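The values are calculated or read from the model by the stated rules, or taken from the named source; none is laboratory data. Just so you know, these numbers come straight off a predicted model, no measurement behind them. When we count neighbours, we look across all protein chains shown, and the Cβ atoms used for this are built from the backbone with ideal geometry, even at glycine. Only protein heavy atoms, including side chains, enter the accessible area calculation; ligands, DNA and RNA are left aside. Shrake-Rupley method; radii C 1.70, N 1.55, O 1.52, S 1.80 Å.
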Amino acid sequence: MGAAASRDPAARRVCPHWLTDCWLVVAATNDDAVNQQVAAVAERQRIFCNLVDAPQQASAIMPSIMDRSSLMVAVPSGGRAPVLARLLREKLA
């Protein structure tokens with residue numbers, strides 16, 4: 001969404017058809033109202049939703065993953081400390 005669109009409240013509406021055929025959506029805009037709309041549409045359509053700034057409301061979270069072919073390590077933080085999870089993953093790598 002461009003800068004001009006973000007000033008227009010009508011442009012901030014989330015259209016349910018945008019999520020057609022999705023199984024996961026990440027709501028990561030700089031507008032909490034839009035993120036909440038995305039989450040509400042996702043919930044109604046039974047789509048996993050990662051709310052970047054509100055992990056307690058998310059239906060999906062993303063762990064920090066290190067994949068070295070025969071070894072895979074995931075460092076989840078439950079969405080509460082993504083930077084720490086990334087730093088720990090980098091240290092393990």
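Summary table below
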quantity: For the chain, accessible area per residue (1.4 Å probe, heavy atoms of protein chains only), Å²; calculated: 72 Å²
quantity: DSSP-defined antiparallel bridges as percent of all bridges, the chain, nearest 5; calculated: 55 percent
quantity: Charge sum, other residues only, whose C-beta stays under 14 Å from P16's C-beta, Lys/Arg counted +1 and Asp/Glu -1; calculated: +1
quantity: Which label in [x] 2, 13, 19, 17, 15, 13, 10, 6, 2, 1; [y] 3, 13, 23, 22, 16, 9, 6, 4, 2, 1, 0; [z] 2, 12, 19, 16, 11, 10, 10, 8, 6, 4, 2, 0 gives the computed P(r) over Cα pairs in 5 Å bins from 0, in percent; calculated: [x]
quantity: Long-range HN-HN contacts of A58 with modeled amide H, under 5 Å; calculated: L51
quantity: Sequence-distant residues sharing a close amide H with V26 (under 5 Å, placed H); calculated: N50
quantity: Whole-Hz ³J(HN,Hα) from phi, Karplus 6.51 cos²θ - 1.76 cosθ + 1.60, for segment 48-63, glycine and proline x; calculated: 4, 9, 9, 9, 4, 9, 9, x, 5, 9, 6, 9, 8, 10, 10, x
quantity: Cα Rg over Rh - segment 54-93, Kirkwood; calculated: 1.03
quantity: Selection from I47, N35, V75 lying farthest towards where the dipole of the chain points positive, charges on Cβ; calculated: V75
